[in-house]
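Asker: Before anything else, here's the structure in question.
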């Protein structure tokens, strides 16, 4: 085969996927489970209404990362299910392959574990000139697209300038504001219901919440916990960051919550906004594959600084 026509290993593997042994129904359906909750029924209804004339680019924001990615896969199944109904059956060979990431017309660029590189985007270009090999639509999912580098985002814009009628792109991100405005403007945006911030934390996350509250108030205790959890991975660190965001949301909504929300409640609005930026910066650092413990320690130190500044402002405002 000529060098110019040589396929990547991943593309070649996808071409042989229909001959591979199909995954079990339970194994494949597990990928869709977070998309099947009652809370997402309204969003699934919008997708069902668009299935006959799907947009070239669909943005899924809100919810949590697991729900966004699962719904993107459910959308791919809806577009390619062999039974061609108003719901994907999640049992035909097409649905099973999509759930197991074995479908030759599904391309998942996963930004949950790190940044999406420009080479991954460039590798899509020769594929877009071909017809789907197994289904009706080729679906390209950019999971947590806020992890796109600037060069990769600009390269993707060039791809989107030349529409392929058989290809649908899906971007998932916490908020559309985390993406380039030019990318957002080219697609439809569906907002998933935001997670219930008032729900109880797991015992493990409650431990982190108390440690962050104590460190923010007293400047001690946090590093004892973080050093003891030396094997913490990026996914668990993201959950710790969400603990801070939950406390901030509970504080702003006036909900009774844990120690951290109570500590943040007296802070002025400009410092609460700064805290929001601190939590987002920590999430971005984790997506960029910064050491999880270093990212969390930097976040905790920044929260301590903000709380201390709030105390200074409050003290300066008291009458002598």
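The values are calculated or read from the model by the stated rules, or taken from the named source; none is laboratory data. Everything numeric here is computed off the predicted structure, so don't read it as measured data. Virtual Cβ from ideal backbone geometry, glycine too; neighbours counted across all protein chains shown.
Asker: Just to be sure before I move on: is residue 258 outside the structural domain of residue 116 (by TED's automatic domain parsing) and buried (at least 18 other Cβ atoms within 10 Å of the Cβ) in the structure I sent?
Answerer: Numbers: outside the structural domain of residue 116 (by TED's automatic domain parsing): yes; buried (at least 18 other Cβ atoms within 10 Å of the Cβ): yes.
Yes, satisfied.
Conditions tested, residue by residue: (1) closer than 21 Å to residue 156 by Cβ; (2) assigned by TED's automatic domain parsing to the domain that holds residue 237; (3) at pLDDT below 90; (4) in a loop (DSSP other than H, G, I, E, B).
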| residue | (1), (2), (3), (4) |
| --- | --- |
| 27 | no, no, yes, no |
| 40 | no, no, no, no |
| 72 | yes, no, no, no |
| 75 | yes, no, no, no |
| 112 | yes, no, yes, yes |
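Asker: Follow-up question, since we're still on this one. Would you point out the residue of the range 156-176, among those that are out of contact with any strand residue (DSSP E or B) (no Cβ under 9 Å at 6 or more places or on another chain) and part of a helix (DSSP H, G or I), that is modelled with the highest pLDDT?
Answerer: Let us first name the residues in the range 156-176 that are out of contact with any strand residue (DSSP E or B) (no Cβ under 9 Å at 6 or more places or on another chain), namely 157-158, 161-163, 165.
Subset that is part of a helix (DSSP H, G or I): 157-158.
Details: 157: 88, 158: 85.
Among those that are out of contact with any strand residue (DSSP E or B) (no Cβ under 9 Å at 6 or more places or on another chain) and part of a helix (DSSP H, G or I), it is 157.
Asker: Would you say residue 226 is surrounded by 19 or more Cβ atoms within 10 Å (Cβ to Cβ), outside the structural domain of residue 177 (by TED's automatic domain parsing) and not in a helix (DSSP H, G or I)? Full working, then the answer.
Answerer: Details: surrounded by 19 or more Cβ atoms within 10 Å (Cβ to Cβ): yes; outside the structural domain of residue 177 (by TED's automatic domain parsing): yes; not in a helix (DSSP H, G or I): no.
Answer is no for this residue.
Asker: Would you say residue 267 is out of contact with any strand residue (DSSP E or B) (no Cβ under 8 Å at 6 or more places or on another chain), modelled with pLDDT of 85 or more and not assigned by TED's automatic domain parsing to the domain that holds residue 112?
Answerer: Yes: the conditions hold for residue 267.
Asker: So which residues in the range 263-279 are in contact (Cβ under 8 Å) with a residue 12 or more places away in the chain and either within 30 Å of residue 149 (Cα to Cα) or out of contact with any helix residue (DSSP H, G or I) (no Cβ under 8 Å at 6 or more places or on another chain) (or both)? Even if it seems obvious, please write down each step before you answer.
Answerer: Here is the first cut: in the range 263-279, the residues in contact (Cβ under 8 Å) with a residue 12 or more places away in the chain are 263-268, 271-272, 274-276, 278-279.
Across the range 263-279, the qualifying residues are 271, 272, 274, 275, 276, 278, 279.
Asker: So, of the residues in the range 88-104 that are free of Cβ contacts under 8 Å to residues at least 60 places away in the same chain and assigned to a loop (DSSP other than H, G, I, E, B), which turns out to be surrounded by the fewest Cβ atoms within 10 Å (Cβ to Cβ)? Before you say what the answer is, go through the steps one by one.
Answerer: As a first pass, look at the range 88-104 and keep what is free of Cβ contacts under 8 Å to residues at least 60 places away in the same chain: 88-89, 92, 94.
After this cut, where a residue has to be assigned to a loop (DSSP other than H, G, I, E, B) as well, the list is 88-89, 92.
Details: 88: 28, 89: 14, 92: 17.
It comes out as 89.
Asker: Of all residues in the range 231-255 being in a loop (DSSP other than H, G, I, E, B) and farther than 20 Å from residue 211 by Cβ, which is modelled with the lowest pLDDT? Break it down into steps so the answer makes sense when it comes.
Answerer: Initial filter on the range 231-255 (in a loop (DSSP other than H, G, I, E, B)): 231-233, 254-255.
Narrowing further to those that are farther than 20 Å from residue 211 by Cβ: 254-255.
Working: 254: 76, 255: 73.
Taking the candidates together, the pick is 255.
Asker: While we're looking at this one, here's another question. Among the residues of the range 114-142, what is the count of those that are over 15 Å from residue 31 (Cα atoms) and not in a helix (DSSP H, G or I)? Reasoning before the result, please.
Answerer: Here is the first cut: in the range 114-142, the ones over 15 Å from residue 31 (Cα atoms) are 114-140, 142.
Pick out the ones that are also not in a helix (DSSP H, G or I) and you get 114-117, 123-124, 129-140, 142.
Going through the range 114-142 one residue at a time, the tally reaches 19.
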